[in-house]
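The values are calculated or read from the model by the stated rules, or taken from the named source; none is laboratory data. None of these values were measured; they are calculated from a predicted model. All Cβ positions, even for glycine, are placed from backbone atoms using ideal geometry, and neighbour counts span all protein chains on display. What goes into the accessible areas is simple: the full protein's heavy atoms, side chains included, and nothing from ligands, DNA or RNA. Shrake-Rupley method; radii C 1.70, N 1.55, O 1.52, S 1.80 Å.
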Amino acid sequence: MRVLQTLIAFSGSAPPQLAVTRRLVERGHEVRVLAHRAARERIESTGAEFVAFQRTVPAMDITRRETDSLRDWEAHTKLGAGVRLLKNGVLPFVVSPSRECAELLRSWPADVVVLDWMVIGAAVAADGAGVPAVVLVHCPYPLPVEGAPPLFTGLRPLDGWIGTARDRLLNRIATRVWTNGLPLVNKARAEQGLPPLDDWAAQLLGTREICVMTAPELDFSSHGVLPPNVRYVGPAFEPYPRRWDSPWPDTNTDPLVVISFSTSYMNQRALAQRVLDAVAGLPVRALLTTGPALEAQALRIPENARAVAFIPHRTVLPHADLMVTHAGWQTVNAALADGVPLLCIPDGRDQPDNAARVVACGAGVRARKSASPGRLREVIADALKDPALKQGAQAMAEALGRSDGASTITEKLEFLASSIY
């Protein structure tokens, strides 16, 4: 089977998709991945062939302030941040990627196209070439759904007629916002000899399958009226070392608190420092993973804390008692897959939505980004003592463990390809 895959090299969005890439290669399939040059090493490590975007698309190196092309953290309102995300992170991936995918499909005919839901142009190209397409969703289901609040509102479901009216209104607004991309979608479709659409979402909804890479219990949209081609397939994780060498002596049995903020730059240094100041006054071991967006030398590290540049979350999480995080979707899925409760301190993007889902399933608590060290200390101490949070996290571990997303998607693709011939 030949698979043309395309994705955005976007911090937490890439790992679950690359887990699928790796599984396809392991099963003996030919895989070419169209992506940013920044993702080359990660893609080639899966055994797939890397193809770089050639036309004008954002570089999407969002790990550092000076190279970040989204810059949504500069906005002063949620609406402003959302507009920047749409303008800089979604709309550029319609026309140019459609052209490049179409050219690749002509020179290297694939049996199926697998696309990041944000690279809508790949769905257009697949449509034009008559090749079935499967969409990978690496966040909560992103399209408006009747019976659930839309993504990027940070809201939890609300019972009764008030909740119904609220969600209908907000879904109409969300649909109008997404409609800003419709002229670009129709431009790309015209170039591929396709008729125009009346609805932006129709391009994604017209694919063979939309695979949401989590468990339905963790997503509000699963309780609404979903299109028939939407499937929850479970999370997908890249391989990780099972052994963790603790930097503390074996005699130190204090609770382990893992602190991890976004691998993308979101102006999070002040928040990281407040969290470190908070744990300094607690009988815990605190492990901070700085990633590329934080510099350990710029932080005051208390005696009971250690800072490391990187460690796979699922290597250390089996030893953890609590995770303090910005609530990135992959971090949430990783922590809950190991039954670890979360303290969510959302910053932007889909993080408030993710935090709302964690709280709703009883697997964590939430604090404001502006919370003081004293307040954060109280919340962390209370979370560590609350058995209900551990029970909620363990229940989610069971739900997330039912299905391996990478295997499920690979099997779906194999079945799809075999049914064509």
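Note on the range 178-211: among residues that are farther than 25 Å from Glu103 by Cβ and in a loop (DSSP other than H, G, I, E, B), the one that is modelled with the highest pLDDT is Asp198.
Here Ile409 fulfils each of the conditions (1) touching a strand residue (DSSP E or B) at 6+ places or on another chain (Cβ under 8 Å); (2) outside any helix (DSSP H, G or I); (3) among the aliphatic types (A, V, I, L, M); (4) at negative phi apart from (2). When Pro109 is tested against (1) open to solvent by 20 Å² or more (accessible area, probe 1.4 Å); (2) assigned to a helix (DSSP H, G or I); (3) more than 30 Å from Gly362 (Cα to Cα), only condition (2) is not met.
Scanning the range 361-396 for residues that are assigned to a loop (DSSP other than H, G, I, E, B) and either open to solvent by less than 30 Å² (accessible area, probe 1.4 Å) or not hydroxyl-bearing (Ser, Thr, Tyr) (or both) gives Cys361, Gly362, Ala363, Ala367, Arg368, Lys369, Ala371, Asp386. Is it the case that some residue within the range 132-149 is in contact with a His (Cβ under 7 Å, 6 or more places away or on another chain), in contact (Cβ under 8 Å) with a residue 12 or more places away in the chain and open to solvent by less than 50 Å² (accessible area, probe 1.4 Å)? Yes, the range 132-149 contains a residue that is in contact with a His (Cβ under 7 Å, 6 or more places away or on another chain), in contact (Cβ under 8 Å) with a residue 12 or more places away in the chain and open to solvent by less than 50 Å² (accessible area, probe 1.4 Å). Across the range 210-246, the qualifying residues are those that are touching a strand residue (DSSP E or B) at 6+ places or on another chain (Cβ under 8 Å) and among the aliphatic types (A, V, I, L, M), and the one among them that is farthest from Leu136 (Cα to Cα) is Val225. If only residues of the range 7-48 that are among the acidic types (Asp, Glu) and either in a loop (DSSP other than H, G, I, E, B) or free of Cβ contacts under 8 Å to residues at least 12 places away in the same chain (or both) are counted, the one that is nearest to Asp350 (Cα to Cα) is Glu41. Checking Arg349, Arg274 one by one, the residue that is over 29 Å from Glu398 (Cβ atoms) and buried (at least 17 other Cβ atoms within 10 Å of the Cβ) is Arg274 and no other. Answer with yes or no whether Ala399 is open to solvent by less than 20 Å² (accessible area, probe 1.4 Å) and either assigned to a helix (DSSP H, G or I) or under 29 Å from Pro239 (Cβ atoms) (or both). Yes, satisfied.
Just one residue in the set Thr175, Thr153, Thr164 is under 21 Å from Val359 (Cα atoms) and part of a helix (DSSP H, G or I); that residue is Thr164.
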